[in-house]
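FYI, it's all coordinate maths here, none of it is from the lab. These figures come from a predicted structure and were not determined experimentally. Counting neighbours? That spans all protein chains shown, and the Cβs are built from the backbone with ideal geometry, glycine included.
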Amino acid sequence: MLKTLHPSPTSGRILPMICRLYLNQELTVASSITLESDQAHYLRSVMRLAAGDEIILFNGCGGEYLCSIEQLARNHLLCRIESFSDISRELPNRIHIVQAACRSEKIETVLQKATELGAASFSIVRSERSSLKLDAAKLNKRLQRWQQIIIEAAEQSGRTIVPKIHWINNLASVPALGLCFTLHPEATATSWQQESQSIQQADDISLAIGPEGGWSQRDIDTLNGADFRCLTFGPRIMRTETAAPALLAAIQAGVATT
């Protein structure tokens, strides 16, 4: 729940933009809405907002709502929804990240950066060399934390859609959505240069990223059986938390130049 920044059109100085918050509920123009206590505390004590200030709300269904704060008390905030903007800052193609389970801090990096760069969804999947092991209780708490990281990244970056995250125990159960690739530095893999045009034109793209130790041959065989083709991305080997943001940045750069 951060304020984003933009340059002043006159001086070029960086000025704060309106604070954006995600609410998982229906939003309607000309209605009033009460924000929960932690969001009210954030706006009052951290962002130092007051009655009369404006904020932006979005619910992940597309577009965003301009609101004015009517009342800001200790335990709640009342605001009025003034208008709706049917704006989209999403990529023209939906990028689905399949990230092999690895150390939690690495997964958090992937979720934050890939959300900022436009990922449409995340699947965290157990692979043969995955180091992360969670029981049911810990997994539920971790998924809640991961989803909150995604929400905060969407708030900060101006996204109007909030990506969902899923845990998959079996690599064979990974959804193969659209054009599917697994990043793997093998000699017979197709190169980014060969596939970049088809990637830019695809509606859905699934990118599978291996764990710290890379995909095993059994993993590659399983993914190949699910229509994932091996893809190389340059001559260097990237860390597991670097690969998805790098690929998303390359896709976004290609979209910007077309």
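A few notes on this one:
- Of all DSSP-defined beta bridges confined to the stretch 5-85, some 85% are antiparallel rather than parallel.
- The Rg/Rh ratio of the chain, with both radii computed over alpha carbons and Rh defined as the Kirkwood radius, is 1.03.
- Just checking the listed ones, 132, 179, 248: in the Gaussian network model of the chain with Cα springs under 10 Å, the one fluctuating most is 132.
- Options 147, 230, 207, ranked by Cα towards positive dipole end of the stretch 93-236, top entry (Cβ charges): 147
- Amide hydrogen proximity for residue 168: with H placed 1.01 Å from N in the peptide plane, the residues at 5 or more positions away or on another chain lying under 5 Å are 124, 125, 126.
- Once backbone amide H atoms are built at 1.01 Å from N, residue 94 has 204, 205 as its partners under 5 Å, excluding neighbours fewer than 5 places away on the same chain.
- Among the lysines of the stretch 93-183, pairs that are 8 or more positions apart or on different chains and have alpha carbons within less than 19 Å of each other number 8.
- Computed magnitude of the charge dipole of the stretch 183-258 (debye, nearest 20; Cβ of K, R +1, Cβ of D, E -1): 240
- Note: the stretch 5-85, Cα convex hull, 102 Å³ per residue.
- Over 24 Å [Cα-Cα, the stretch 70-203], rounded percent: 44
- Where trypsin sites (Lys or Arg not before Pro) in DSSP loops with at most 12 other Cβ within 10 Å are excluded, longest remaining stretch of the chain: 134-235
- Across the chain: Cys residues that no other cysteine approaches within a C-beta distance under 4.7 Å: 19, 61, 102, 180, 230
- The stretch 100-258: relative contact order as a whole-number percent, Cα under 8 Å and 6+ apart: 31
- The chain: angle of helix 240-257 to the longest principal axis, Cα-based, in degrees nearest 10: 70
- The magnitude of the dipole of the chain, with charges of +1 and -1 set on the Cβ of Lys/Arg and Asp/Glu and taken from the Cα centre, is near 700 debye.
- Angle of helix 104-116 to the longest C-alpha principal axis of the chain, folded into 0 to 90 degrees and rounded to 10: 70°.
- Net length gained if the chain between residue 227 and residue 89 were fully extended (0.36 nm per residue, minus Cα distance): 46.7 nm
- If R0 is 45 Å, the Cβ-Cβ spacing of residue 144 and residue 200 corresponds to a FRET efficiency of close to 0.85.
- Considering only the chain, percent of DSSP beta bridges that pair antiparallel, nearest 5: 40
- Projecting the Cα atoms of 124, 96, 137 onto the charge dipole of the stretch 74-140 (Cβ charges, centred on the Cα centre) puts 137 farthest toward the positive pole.
- Per-pair calculated FRET efficiency, R0 = 41 Å: residue 188 and residue 136 via Cβ, rounded to 0.05: 0.55
- Distance in nm between pseudo-label sites at residue 41 and residue 103 (7 Å out along the Cβ direction from Cα): 3.0
- Under a model in which nothing but the beta-carbon of Lys, Arg (+1) and Asp, Glu (-1) is charged, the stretch 74-114 shows a dipole of about 160 debye around its Cα centre.
- As a ratio to 2.2 N^0.38 Å, the alpha-carbon radius of gyration computed for the stretch 155-258 takes the value 1.10.
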